[in-house]
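Undergrad: Supplied in structure tokens, the structure appears directly below.
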């Protein structure tokens with residue numbers, strides 16, 4: 001058993017000074033705030049728990065930085081998507097494994113404790129009848145780098161709201177309901193330690209109500225359920241035209257959305273939808289860097305925060321793999337939208353960095369279904385140690401400094 005003496009540590013209740021911890025097998029065995037250092041303790045500075053990364057399309061790491069040029073016409077999410085499809089259709093099992101392994105290793109080094117992988121490139125490039133190999137490849141990549149994963153095989157059947165047929169470049173994403181259930185059940189026997197499955201629907205554009213219900217009727221009811229929703233204004237317009245309702249309102253009218261659900265992006269909400277999500281206990285998964293890169297829009301955080309809504313972050317397309325940059329973009333986008341400062345905080349926790357880190361931690365654990373990513377007895381000892389050259393700074397200031405400037409450094413560690 002190893003023991004450590006932390007100058008300060010971010011616990012679920014907030015910052016504590018002089019925290020002595022013991023660790024065995026990568027798991028915290030004891031946590032003692034306001035303790036005295038003992039012989040053999042290893043000294044650490046300011047320590048925070050690593051964060052869950054709750055939304056990942058791991059293959060898209062291969063195109064990060066390669067779409068930053070002007071195409072014909074007005075560039076948007078939809079023109080970027082065409083480039084993404086091109087990449088997806090070039091992947092084979094070997095190249096997918098390499099990209100996934102490297103990306104997951106980056107996540108660990110950056111301070112992510114786990115990942116929720118939203119996987120929809122199903123059909124083998126060399127054998128379209130094979131729709132399980134690529135899932136197994138991703139699970140292996142996560143296991144090989146020691147990153148806990150909630151694997152989310154995606155049901156994807158249509159090209160747009162109204163059950164439009166898939167385009168040729170989307171055919172490798174396609175699964176029927178029976179194939180989806182077969183894949184899920186097959187993967188249940190392929191999981192390694194710290195791996196689990198969740199149910200995933202690409203979006204209300206890509207699946208029908210009947211398909212979603214058929215999956216939910218057959219598969220376990222206590223696993224995470226993830227879905228893209230309300231990311232783009234065009235999606236809102238299509239839903240109103242074809243379904244008679246906005247996407248989030250339609251979802252709540254047709255399904256029992258509860259604490260097991262995660263709504264990815266949920267960028268464009270009206271007041272009623274904000275309230276629906278917050279009161280349901282579901283988690284909104286915000287991906288600030290990807291949403292900024294794609295020109296999606298800005299999530300209405302003040303309204304959601306006022307209702308104590310749950311949220312988490314994801315690195316999505318992996319334009320960068322830096323949790324602190326995701327949080328900085330989240331706060332700065334709010335400042336730009338509302339022309340105010342220090343929005344992502346509250347009276348009980350006025351420091352923006354601390355408030356955001358804890359909120360993303362709690363929401364991330366809920367959305368991933370992987371508990372124990374905290375500095376507590378029984379928690380995984382995956383942490384970040386923060387170093388500041390200014391010894392006069394309090395722990396809250398050091399975390400703020402790391403997120404909002406480049407004067408503090410952080411090192412990811414497994415104790």
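The values are calculated or read from the model by the stated rules, or taken from the named source; none is laboratory data. Only a predicted model underlies this, so the values are computations on that prediction, with no experimental measurement involved. Positions of Cβ are generated from backbone atoms using ideal geometry, with glycine treated the same way; all protein chains shown enter the neighbour counts.
Undergrad: Being on the phi > 0 side of the Ramachandran plot and more than 18 Å from the chain's Cα centre (by Cα) narrows it down to one of 73, 146, 111, so name that one.
TA: Details: 146 fails: more than 18 Å from the chain's Cα centre (by Cα); 111 fails: more than 18 Å from the chain's Cα centre (by Cα).
Selected residue: 73, the only one of 73, 146, 111 that is on the phi > 0 side of the Ramachandran plot and more than 18 Å from the chain's Cα centre (by Cα).
Residue-by-condition table, conditions (1) surrounded by fewer than 24 Cβ atoms within 10 Å (Cβ to Cβ); (2) at pLDDT below 95; (3) closer than 23 Å to residue 206 by Cα:
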residue: 93; (1), (2), (3): yes, no, no
residue: 104; (1), (2), (3): no, no, no
residue: 107; (1), (2), (3): no, no, no
residue: 110; (1), (2), (3): yes, no, no
residue: 117; (1), (2), (3): no, no, yes
residue: 123; (1), (2), (3): yes, no, yes
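Undergrad: Are any of the residues in segment 168-186 part of a strand (DSSP E or B) and either surrounded by 14 or more Cβ atoms within 10 Å (Cβ to Cβ) or free of Cβ contacts under 8 Å to residues at least 12 places away in the same chain (or both)?
TA: No: zero hits.
Undergrad: Right, another one. Looking at (1) touching a residue at least 24 places away in the same chain (Cβ under 8 Å); (2) assigned to a loop (DSSP other than H, G, I, E, B); (3) touching a helix residue (DSSP H, G or I) at 6+ places or on another chain (Cβ under 6 Å); (4) surrounded by fewer than 22 Cβ atoms within 10 Å (Cβ to Cβ), which one does residue 373 not meet, given that it meets all the others?
TA: Unmet for residue 373, out of (1) touching a residue at least 24 places away in the same chain (Cβ under 8 Å); (2) assigned to a loop (DSSP other than H, G, I, E, B); (3) touching a helix residue (DSSP H, G or I) at 6+ places or on another chain (Cβ under 6 Å); (4) surrounded by fewer than 22 Cβ atoms within 10 Å (Cβ to Cβ): (4).
Undergrad: Any idea which residue in segment 130-166 is surrounded by the most Cβ atoms within 10 Å (Cβ to Cβ), counting only those that are free of Cβ contacts under 8 Å to residues at least 24 places away in the same chain and under 20 Å from residue 87 (Cα atoms)?
TA: 166
Undergrad: Moving on to the next point. Applying the selection to segment 8-37, what residues are exposed (fewer than 15 other Cβ atoms within 10 Å of the Cβ), within 21 Å of residue 357 (Cα to Cα) and more than 27 Å from the chain's Cα centre (by Cα)?
TA: Scanning segment 8-37 gives a single hit, 17.
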